[in-house]
Amino acid sequence: MHEVAGTTPEGDFIINVGPQHPATHGVLHLVITLEGETIKKIEPHLGYIHRSIEKMCESLTYRQFIYVTSRMDYLSAHINNHACALCVEKGLQVEVPLRAQYIRVMMDELTRIASHELWWGALAMDVGAFTPFFYAFRERETINEIMEETCGARLTMNYMVPGGVMADIHPQFQQKVNFFIALYKKKIEEYNELVTGNIIFQNRMKGVGFLSAENAISYGCSGPVARASGVACDVRKRYPYDVYEQVQFEEVIETGGDSFARYLVRIREMEQSVHIIEQLIDNIPEGDFQAKTKAVLKLPKGEFYQRVETARGELGVYIVSEGGTTPYRIKFRSPGFSNLSALNEMAKGGKIGDLVATMGTLDLVIPDIDR
Amino acid sequence: MSIQQYIQDVYGAIKSLLKGMCVTGYYFLHPKEIITEQYPDNRATLKLAERFKGEVVMLHDENNEHACTGCTACELACPNGTIKIITQFDITPEGKKKKALNTFVYHLELCTMCNLCVEACPTGAIVMAQNFEHSVYDRKQLIKTLNKPGSKLRAGVE
């Protein structure tokens, strides 16, 4: 039984952060052992938003279960749906039309930018700067409008289906995305002036929350958290899916390992995402947006695994099929869970005032951790 | 830390702060760049995307006819049990029994707007509508019957 309040026999102080704390961005509960102001140990307690999505998926068909995964990491809903669609396609051995692949990858990258925008605003708010939040949401709104127009929803789109995408892109899609790219290139300089170059922000970030490459690997960290520690782990480069093989982009790696390195990785990743969209947006091939699939999907008996790079790291979808219309077992490997487990290593020995900043750079989405 | 380093740090700090203040000041002087929508005051001019998924509706033409054959494809496609179709047997002029729609029950309170029912419909009888203001005081009001009273199947739709 964990002690969740009071003092330890050694005289250390135990406090709770969360589950209803604005800086934890959701119902995350941290039990922190403190010696003065220094953190000795952090224990995350999970389960406050557990909806048993994996069990729920077992009773849904291969078309139906995809919509549920939007509710895991709701900031990269498209990418979650993409992973599920790819995994089902692997089992069905369906060839996805090139047009659908282009649309999917562009939607993924737009989602990634939107997700990082929100993270950027929220992080700045965590460390005490309020205005960047509004600037970030202003640009994010442009992406949301694009999503609303093409997918019909702003956050939980359910746009990817096995075999392609649900509907063709809106006639104005290309024009709007080009407008966004031009706008974004202007605004990213503003972001850097406002936050990246700010001396107070840098002092809050530099040398804080250090995570070594060894620890990043042993805790299974992925995405920007691991790449900031110098671990090359971008799934888009290592195990390319859809048209990621054909596009040119740089795998952003920093070696600092501290909060500032994680910040820089995400900022630079946004630029790479814009670069990817730029290559695809004007060359969308003609053709179908969806491959012809049967009305009732049945996966052959076996096990299927697919990984994708979400805005937070590597998402794995593992389906065990018994040959029926519903999966026998589904397992999601979520990036947030592994990234959170490394928080103890990062914050140990640091001051409690730095904890919020460290947690902000982890970019935690709690429904993704709990599922 | 040397004196020179100290002065450099102070200079850098003031410079970075001023840079940030320039950005903030720019928006203070350019209120036209503010994009906040004054909902609900702008209801009259509010424009939603045509594909926006607000609720499921059934299309009726001017003769109060719809295209729903009562095949229950949407009911099977729905992941949440949002749709319940009650069918009846009509007698055709040839004296045969034919399955037809009696009541299309739509539970808006369970719907996640995933669009799978619209995709599944073979006759295009249901579509997504843009209405998004669904708040009511009693949740019973969210259980809707989509086919209008007295409506019947359009001729020629199988």
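Of note:
- If you take the Cα centroid of the stretch A:26-61 and the Cα centroid of the stretch A:288-331, the two points sit 27 Å apart.
- Helix B:3-29 axis versus longest C-alpha principal axis of chain B: approximately 40°, rounded to the nearest ten.
- Three-way shape label, the stretch B:55-153, alpha-carbon gyration tensor, a/c 1.5: prolate
- Take each residue in A:149-161, count the other chain C-beta atoms within 10 Å of its C-beta, and the mean is 4.
- Exposure proxy for A:72, A:125: other Cβ atoms within 10 Å of each Cβ, ordered fewest to most, give A:125, A:72.
- Shape category assigned to the stretch A:176-287 from the gyration tensor of Cα positions, a/c cut at 1.5: oblate
- Test item: B:17-27 mean partner chain Cβ contacts at 10 Å: 4
- Counting beta carbons within 10 Å around each of A:155, B:146 and listing the fewest first gives the order A:155, B:146.
- Partners for residue B:96 among aspartates and glutamates (Cα-Cα distance below 16 Å; same-chain residues under 8 apart left out): B:158
- The shape of the stretch A:50-370 comes out oblate: with a ≥ b ≥ c from the C-alpha gyration tensor, a/c is at least 1.5 while a/b does not beat b/c.
- Measuring nothing but how far apart in sequence close Cα pairs (under 8 Å, 6+ apart) lie, relative to its length, chain A scores a relative contact order of 26 percent.
- Fully extending the segment from residue B:10 to residue B:59, taken as 0.36 nm per residue of separation minus the present Cα-Cα distance, adds 10.8 nm.
- Candidate membrane-span-like segments in chain A, meaning DSSP H helices with Cα atoms spread over at least 20 Å of their own axis and a Kyte-Doolittle mean of -0.5 or above, are A:77-92, A:98-126, A:173-191, A:259-281, with no membrane implied.
- Taking other residues whose beta carbon is less than 12 angstrom from the beta carbon of residue B:89, and scoring Lys, Arg as +1 and Asp, Glu as -1, yields +3.
- Model label zone, residue B:136; criterion: amide N under 20 Å from point 7 Å along Cα-to-beta-carbon; scope the stretch B:110-125: B:110-114
- Sparse packing (at most 14 other Cβ atoms within 10 Å of the Cβ) combined with a DSSP loop state is found for none of the trypsin sites (Lys or Arg not before Pro) in the stretch B:1-35.
- For residue A:333, the amide hydrogen comes within under 5 Å of the amide hydrogens of A:316, A:317, A:318, counting only partners 5 or more places away or on other chains and with H modelled in the peptide plane.
- Summing charges over all other residues whose Cβ lies under 10 Å from the Cβ of residue A:321, with Lys and Arg as +1 and Asp and Glu as -1, gives +1.
- Across the stretch B:55-64, computed HN-Hα scalar couplings (Karplus, 6.51 cos²θ - 1.76 cosθ + 1.60, θ = phi - 60°) run 6, 8, 10, 9, 7, 10, 8, 5, 8, 6 Hz from first to last residue, x flagging Gly and Pro.
- For chain B, relative contact order (Cα pairs under 8 Å, six or more residues apart, normalised by length) works out to 28 percent.
- Of the GluC sites (Glu not before Pro) in the stretch A:11-101, the ones in a loop by DSSP (not H, G, I, E or B) with at most 16 other beta carbons within 10 Å are A:37, A:58, A:95.
- The stretch A:1-59: relative contact order in percent, alpha carbon pairs under 8 Å with at least 6 residues between: 22
- Computed from Cα atoms alone, the Kirkwood hydrodynamic radius reported for the stretch A:1-48 is 11.1 Å.
- Gaussian network model of chain A, springs between alpha carbon atoms under 10 Å - residue of A:25, A:78, A:50 with greatest fluctuation: A:50
- Environment charge of residue A:131, counting only residues whose C-beta is closer than 13 Å and scoring Lys/Arg +1, Asp/Glu -1: -1
- Residues B:10, B:23 arranged by fewest to most Cβ contacts within 10 Å: B:10, B:23
- For the protein assembly as shown, adding -39500 (n - 2.57) for each run of n ≥ 4 DSSP H residues and dividing by the number of residues yields -11500 deg cm²/dmol at 222 nm.
- Around the amide H of residue A:164, modelled in the peptide plane, lie the amide H atoms of A:291, all under 5 Å away and 5 or more residues distant in sequence or on another chain.
Where a number appears in this text, it was derived from the coordinates with a stated rule and is not lab data. Every value quoted in this text rests on a predicted model; they were computed, and no experiment measured them. Neighbour counts are summed over all protein chains in view; Cβ atoms, including those assigned to glycine, are modelled from backbone coordinates with ideal geometry.
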